[in-house]
Amino acid sequence: MPSPNPLTRTTPLIHLPLVALATVFALPLLWLLLTSVQPREQVGKIPPEWLPRQAFIHVQGEPVPVTPPLPVGSDKLVVIPNAGPKQGKHLLVDPADYQNGQVTVRTQAADRIIEAHYPAQLEQAVPARFVIVKEWFLSKYTSREARVFYVEPNAVSREIAPVFGNYPEAIRALSASEKDKARPLGELLGKSALPWTHKGDRGNTITFLTYLGNTLLVALLSVIGTLSSSSLVAYGLSRIPWKGRTTLFNITLATMMVPFPVLMVPLYGVFRSLGWIGTLMPLWVPLFFGGAFNIFLLRQFFLTIPSELSDAARIDGCSEFGIFWRVILPLSRPALSVVALFTFLSAWNEFLAPLIFLTEPETFTMALGLQQYQSQFGGSEWHLLMGASALLVVPIIALFFFAQKTFIQGISTTGMGGR
Amino acid sequence: MSRVARANLRNGLLFCLPWLIGLSVFLIYPLCAAFYYSLCDYSVLLPPVFIGFDNYVDLASDPLFWKSLRNTAYFATGSVTLGLLVSLTLALLLNSKVKGVGVYRTIFFLPSLMPVVAGSILWMWMYNGQSGLINTALRSIGIDGPAWLADPTWSKPAIVIMAVWGAGNAMVVYLAGLQDVPTSLYEAALIDGAGFFQRLIHVTIPMISPVIYFNVVLSIISGFQAFTQAFIMTGSTGAPERSTLFYVLNLYNVGFQDLRMGYASAMAWVLFVIILVLTFAATKLSKRWVTYDR
Amino acid sequence: MKGRPARGQPHRARIGALVAVFALGLLAFGLLTVLSSCSSRPSKNAPRHITYWEKWTGFEAEAMDAIIEDFNAREAARAQSDPNYAPIEVEKVTISKLEQKLLIAIAGGNPPDLAGNYSFCVAAYADNGALTDLGPMLKRAGFDRSRYIDHYMQLGEYRGKTWALPLVPASTALLLNKRLFKEAGLDPERPPITIEELDAYAEQLTRWEVTLPGGEKRIRTGYLPEVPTAQKRLIQAGFLPGEPSWWLYGYGDYFGGRLLASPEKISAADPANVRGFDWVASYSKKLGIGVIKRFRSGFGNSSSPQSAFLSGKVAMVMQGVWMHNYIEKYAPGLQWSAAPFPYPAGHPELAGTTHAEADVLMIPKGSAHPEEAFAFMQYVSTQPVLEKLCLAQQKFTPLKDVSERFWHDHPHPYIRLFRELGTSKNAVAMPQTGIWNEYNRELGNAVDLIQNLTEPPARALADVQTKMQVALDRNREILARRAAP
């Protein structure tokens, strides 16, 4: 019931800072998405542009995307040599270099310049005011020749045109080998090395799908492992009175303070002796043996279930596991969904553990794949890097909208969250 | 022991069996092993050689150790206090029943869900000295922005700002806590003639202090373990001038690049002790500051 | 006694059972996945599969791909004619930051069979017991060490053993943009011979966009110390020591300094090194630290069209032999030339100093197929194959003998220059010491401090000297302790 509470009265004073803060918080994600659909040339522009724009010219009524126009500078001629290394190609030359049907071509060899003359025919005269544009291709792996156009400056129009093709391009770019980046996307993905393919299968290559498959596998196995083990242990710590359970619980609480880096090195040794380094197992097997935080959470939840329900079931002759399975678990759906959701999220976002335990490139998760791509090519193809990052982020955002209530409820009731 | 008690003991242990295994294999053993390794020279490829407390002595005189500790403390303090301020303010703003609370909440919360790798790459791009969004915005109001991640003075603040951007989950926690505060208390305060800030200080904050305490402690613990942002945004060396060499980053370098696992284990144990001390101190302080419901 | 299900919950039990089965199924699936990665027992003449980790991308990777194809085809042909022969199959995997990941993989007990690493990693890996000694295999194969250029062969040798074979060598020189030279009124056919000349040229090649009081913009040359930073924007730099940043640790070498005086003695604080870094710091003073930082953040990746040199933003750079291919690919109209990096005036004995490293092949400790890996190594080290590889990578070979075909086919206009530099007596490599990783990081930090003018070179290098001498002594102690059983 709403009370006349001056605290909850909304004044215009509230809206201003809220809108300002909301804008600041939303901008980075917006920027991520917008940059991921910008054409290559637009991304490094100073000052940066928000909306993806592309230059177009109209050839026979069809719009053709082109590169940003470059001025011709001075009156020039377009000629086609009939011989020599540039035979059949369009050359843009100074009028002085085209005399008597012969074009002068200069090439650099070692430390001097060689001049050669070839017969050539005149294609068109290009006045100084014209601009040069080349046909724009999305992928740098296209083998088609780009057509070159010489047009009036105002024939080039800049329109808003998002380049959604950046996403498939980013997927291609995430592939491990150079040869693969030039393959058509469908073929490339079809040959992905997936978790169940045999290592060393001929033709299998590491692609975005490999990373996705690995991440999903680890996430799903983590969820199953956590749910089953943590609920069992939480039950044992809350619904069964036994000597020593408080001690165990206190120890559990204490272990929440142990930082992962302390365990990192010896765990590495443990996994090494087990022979698990190079596989995905170090990432999900430990979760089948419980985790302090989830045990704590579920225990707190189980404690809120009235003991009368357990007692009634016990009187009915139910075994302890039966009570667990038939009484407690069904009532714990909200808490279990929270645990499942956050375990999935944490497995998806995990970086340090995969960095250390995964040595085989075929087992890399998406976070590692993205980091590998960034460390190799970062600094030049921001539009693809943003696209690849978006591929990592958008599923999570979608998951959020799908399971919003669980997220919010989970965080509110448990104070959870954070990596 | 009675039959029932014995049955209960057996059942209890059985249910807790996964955790008993997990605790011993994946927690207690590594913890003790880490301590043993910290007393050894251990390169993983060769068996460990016992050297006593040499590693710890070296640590004390290692300028990188102290630098990384300072850097991490700076980051933890900065991100926790700034994060607390921002998330609490946001929660207070959203607690009043404004229209579109859901939309605002989503906008503020979403960044905290992002994988750190993707977020780091995004902010790297935004912090670019020439064409980054941040400097462009600053330029438009006449400020010549610094080179952020390339500038030793500004690299840590840059990472702190990015951490604050992800403070949305704390906001949700505080929001829930705020909504649990009984309005009767506010009404009583109003009757006593308390203004907005007085209500804030004497009613709101004390009532949500347990939540704040819990969150702050967890944030400090995770703040001290910051790794991914520094690794991705400034490389594994913590350049420039080691300004972003965080504790765990240094540990990773020493352990997994120089293969000095013994030394790295000593560092790890020191981190553990630091966290224990901080948590203990926070608990002691909480007895003074935190009020619990009767 | 089993209990009856509570009233109203039978279908919950069924769902529960379904979930349990599903969970078990998924668990089994997970385990199977893992098990499937274990190889099955191979039949007698089934291909012997070896994994080869390489760091190269782009055209360099493609060059090795071609060699591997040749090798695999040769092996397959041999298996065809001899049914008892099990052919070796090489599979190359591209790994980024290989020098980090390889060590972790070896330590984790899961290394590749063969790896292409950097020469400067050999010492640290060897000290840590991460490599297989190639000595016995080389001896059995009758390996002739004198085929190789001494400097490059030594990169794979450490503490008296051979741990790696040089594969593709490199050297560095000064590259200059001829068009920018012409525009600045300098003779593009006359590269700087001394460091002082380099400095003079650099000043003339530095251009700014200056905003005049009236708002008008003008292009001016020189360092313009009298114009405040807010009114000038750097648009072209003559020379930037930090571009690219790969060899910043070694500028002292060009002034005659060395980083390691002997395997027991660090010499970072050598006066010649200090002179070198004083020179590096001078550029920060001339241009301004903030200016350089902002200018540099606009550069793209150094092997992309937006790199500083390719886009004409920096007129002279120290670069490696591979740069030619990137120029051809991304900046085909670029008029450029290469020359030996200048030496300090009055020290002609330092002429021809160059950073000469190599990509090497090594067999990790714990490799599952060392003999097969060595067979591939042998194949690659023959002159025709090595020339094919190095030709495709547009570099020279580490062999003393060079075929006429190689010179004739080579597209690199300055390949002879780079090779000469690689064989010069002043070819320097990174110090061969097990603590190089740490040493490099300390130097990187010192260079940061020096370039940011936070600390004078003398002090920064003295700090590195003290710290690294301690580290070196400690490393020797550790090694002695490990050797004593």
Expected single match for under 22 Å from the mean Cα position of the chain (by Cα), under 30 Å from A:Leu185 (Cα atoms) and crowded, with 22+ Cβ neighbours inside 10 Å among A:Leu217, A:Leu212 is A:Leu217
Being of a type outside the set (A, V, I, L, M, F, W, C) and over 20 Å from C:Thr194 (Cα atoms) narrows C:Gly257, C:Gly312 down to just C:Gly312
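B:Val203: part of a helix (DSSP H, G or I) and either buried (at least 16 other Cβ atoms within 10 Å of the Cβ) or of a type in the set (Asp, Glu) (or both), yes or no?
Numbers: part of a helix (DSSP H, G or I): yes; either buried (at least 16 other Cβ atoms within 10 Å of the Cβ) or of a type in the set (Asp, Glu) (or both): yes.
Criteria met by B:Val203.
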Picked from the stretch B:237-294 (must be of a type in the set (Lys, Arg) and not in a loop (DSSP other than H, G, I, E, B)), the residue nearest to the other protein chains (Cβ to nearest Cβ) is B:Lys284
>> One residue is enough: does the stretch A:240-252 have a residue meeting the conditions within 27 Å of A:Leu331 (Cα to Cα) and in contact (Cβ under 8 Å) with a residue 60 or more places away in the chain?
In response: yes
Of the candidates A:Pro39, A:Pro28, the one satisfying the condition of being in contact with a His (Cβ under 8 Å, 6 or more places away or on another chain), modelled with pLDDT of 85 or more and not assigned by TED's automatic domain parsing to the domain that holds A:Thr104 is A:Pro39
Given (1) within 30 Å of B:Pro47 (Cα to Cα); (2) assigned to a helix (DSSP H, G or I); (3) within 11 Å of chain B (Cβ to nearest Cβ), A:Ala234 misses just (1)
For the stretch B:49-66, does any single residue satisfy the condition of being buried (at least 17 other Cβ atoms within 10 Å of the Cβ), farther than 22 Å from C:Asp127 by Cβ and more than 8 Å from chain A (Cβ to nearest Cβ)? yes
Per the filter on the stretch B:90-104, residues of a type in the set (Gly, Ala, Ser) and either more than 24 Å from the chain's Cα centre (by Cα) or at the interface with chain A (Cβ under 7 Å from one of its Cβ atoms) (or both) are B:Ser96, B:Gly100, B:Gly102
| task | For C:Asp448, indicate whether it is part of a loop (DSSP other than H, G, I, E, B) and of a type outside the set (S, T, N, Q). | result | no
Filtering the stretch A:57-86 for residues that are outside any loop (DSSP other than H, G, I, E, B), crowded, with 19+ Cβ neighbours inside 10 Å and in contact with a Pro (Cβ under 9 Å, 6 or more places away or on another chain) leaves a count of 4
Is it the case that some residue within the stretch A:20-28 is surrounded by 18 or more Cβ atoms within 10 Å (Cβ to Cβ) and either of a type in the set (S, T, N, Q) or not in a helix (DSSP H, G or I) (or both)? no
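Among the residues of the stretch C:321-328, is any hydroxyl-bearing (Ser, Thr, Tyr) and either part of a strand (DSSP E or B) or surrounded by 18 or more Cβ atoms within 10 Å (Cβ to Cβ) (or both)? Step through it out loud before you land on a result.
Of the stretch C:321-328, the ones hydroxyl-bearing (Ser, Thr, Tyr) are C:326.
Those still in the list that are either part of a strand (DSSP E or B) or surrounded by 18 or more Cβ atoms within 10 Å (Cβ to Cβ) (or both) too: C:326.
Checking the stretch C:321-328: at least one residue is hydroxyl-bearing (Ser, Thr, Tyr) and either part of a strand (DSSP E or B) or surrounded by 18 or more Cβ atoms within 10 Å (Cβ to Cβ) (or both).
Hey, among C:Ala331, C:Ala308, C:Ala345, which residue is surrounded by 18 or more Cβ atoms within 10 Å (Cβ to Cβ), of a type in the set (A, V, I, L, M) and either closer than 24 Å to C:Pro413 by Cβ or in contact (Cβ under 8 Å) with a residue 12 or more places away in the chain (or both)? I'd like the intermediate steps shown before the answer.
On the way: C:Ala331 fails: surrounded by 18 or more Cβ atoms within 10 Å (Cβ to Cβ); C:Ala345 fails: surrounded by 18 or more Cβ atoms within 10 Å (Cβ to Cβ).
Just a single option satisfies the conditions, and that option is C:Ala308.
Taking A:Leu253, is it in a helix (DSSP H, G or I), at pLDDT below 90 and of a type outside the set (D, E, K, R)?
Details: in a helix (DSSP H, G or I): yes; at pLDDT below 90: yes; of a type outside the set (D, E, K, R): yes.
Criteria met by A:Leu253.
Which residues, taken from the stretch C:204-233, are part of a helix (DSSP H, G or I) and either surrounded by fewer than 16 Cβ atoms within 10 Å (Cβ to Cβ) or not assigned by TED's automatic domain parsing to the domain that holds C:Tyr283 (or both)? Quick ask: steps written out before the conclusion?
Within the stretch C:204-233, the first condition is being part of a helix (DSSP H, G or I), and the residues that meet it are C:204, C:229-231.
Those that are part of a helix (DSSP H, G or I) and either surrounded by fewer than 16 Cβ atoms within 10 Å (Cβ to Cβ) or not assigned by TED's automatic domain parsing to the domain that holds C:Tyr283 (or both): C:Thr229, C:Ala230, C:Gln231.
Taking the criterion of being without any contact (Cβ under 8 Å) to a residue 24 or more places away in the chain, part of a strand (DSSP E or B) and away from every other protein chain (no Cβ under 13 Å), would at least one residue in the stretch A:100-108 satisfy it?
yes
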Picking from B:Val160, B:Val80, B:Val117, the residue that is more than 9 Å from chain A (Cβ to nearest Cβ) and under 30 Å from C:Gly300 (Cβ atoms) would be B:Val160
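Taking only the stretch B:172-200 into account, find how many residues are β-branched (Val, Ile, Thr), in a helix (DSSP H, G or I) and farther than 28 Å from B:Val248 by Cα. Let's see the steps before the verdict.
Here is the first cut: in the stretch B:172-200, the residues β-branched (Val, Ile, Thr) are B:172-173, B:181, B:183, B:191.
With the extra rule that they be in a helix (DSSP H, G or I), the set shrinks to B:172-173, B:183, B:191.
From what's left, farther than 28 Å from B:Val248 by Cα: B:172, B:183, B:191.
Final tally of qualifying residues: 3.
The values are calculated or read from the model by the stated rules, or taken from the named source; none is laboratory data. Computed from a predicted model, the values in this text were never measured in an experiment. Every residue, glycine as well, gets a Cβ built from its backbone with ideal geometry; the counts of neighbours run over all protein chains shown.
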